[in-house]
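Here's the structure we're looking at; comments come further down.
The values are calculated or read from the model by the stated rules, or taken from the named source; none is laboratory data. What you see is a predicted model, and the numbers here were worked out from it, not measured in a lab. Because the Cβ atoms are built from the backbone with ideal geometry, glycine has one as well, and the counts that use them run over all protein chains shown.
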Amino acid sequence: MKLLKFLDERLEEMICVFVLAAMTLVIFIQIIIRAISVYVTIPMAWTEEIGRYLFIYAVYVGAAYATRRRAHQKVDIFPILCGDTGKLIFNLIGDVGVLVFAAAMTFYGWQTLQHVAFDYVQYAPATKINMGYAYAGPVLGMLLCAFRSIENVVFHIKSYRQLCKGAKGTEGGAV
């Protein structure tokens, strides 16, 4: 149970840390090789490709991390004007919107991934790896984003129910 709780709380964060560290290392290697390429010719085209694919993973898994932390950009003026109930409703609408978008991206991304990785197999020019690995980043990130959006929707519904119970308990109360 501790492992599941840890993964629930830290999965996207761990993936992002690993991907960003790997991307930094690969780009650092590319910079060093370019600096010494005046003296020695070493082909390093793979570093640019791998760095690009790692960046794709960082962006999409980072979007899931932002969804988990409820840190996406949003307009706050309407929720502020509407009070606690309005804030919950606007947040719920926003999370449902993110859920619909993430589900659509996952669905169409999966179809594209199947075509690129299995039907019409494409390979990266420098590394010769299957391009399905690059196309899996958006699918993974949006799947995690959809999952985290569902968690947020459930959280907002529970908060709304608690808010309604609290309002009923204070009606006609003692002076």
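Could you tell me how many of the residues in the range 1-59 are among the β-branched types (Val, Ile, Thr) and under 21 Å from the mean Cα position of the chain (by Cα)? Summing the residues that are among the β-branched types (Val, Ile, Thr) and under 21 Å from the mean Cα position of the chain (by Cα) in the range 1-59 gives 7. Note on the range 86-109: residues that are within 12 Å of Tyr135 (Cβ to Cβ) and surrounded by fewer than 16 Cβ atoms within 10 Å (Cβ to Cβ) amount to 1.
Evaluation of Ala102 against the conditions (1) under 20 Å from the mean Cα position of the chain (by Cα); (2) at pLDDT below 95 shows that the sole unmet condition is (2).
Exactly one residue among Val96, Val121 is in contact with a strand residue (DSSP E or B) (Cβ under 9 Å, 6 or more places away or on another chain) and not aromatic (Phe, Trp, Tyr), and that residue is Val121. Could you list all residues from the range 33-51 that are in contact (Cβ under 8 Å) with a residue 60 or more places away in the chain and closer than 22 Å to Cys16 by Cβ? Glu48, Glu49, Ile50, listed by residue number.
Within the range 59-82, one or more residues are touching a residue at least 24 places away in the same chain (Cβ under 8 Å) and not in a helix (DSSP H, G or I). Evaluated against (1) surrounded by fewer than 17 Cβ atoms within 10 Å (Cβ to Cβ); (2) part of a helix (DSSP H, G or I), Val40 falls short on exactly one condition, (2). Taken together, the residues in the range 85-133 that are touching a Phe, Trp or Tyr at 6+ places or on another chain (Cβ under 8 Å), in contact (Cβ under 8 Å) with a residue 40 or more places away in the chain and under 30 Å from Lys158 (Cα atoms) amount to 4. When Ala64, Ala58, Ala35, Ala22 are checked against the criterion of being at pLDDT below 90 and among the small types (Gly, Ala, Ser), a single residue qualifies: Ala35.
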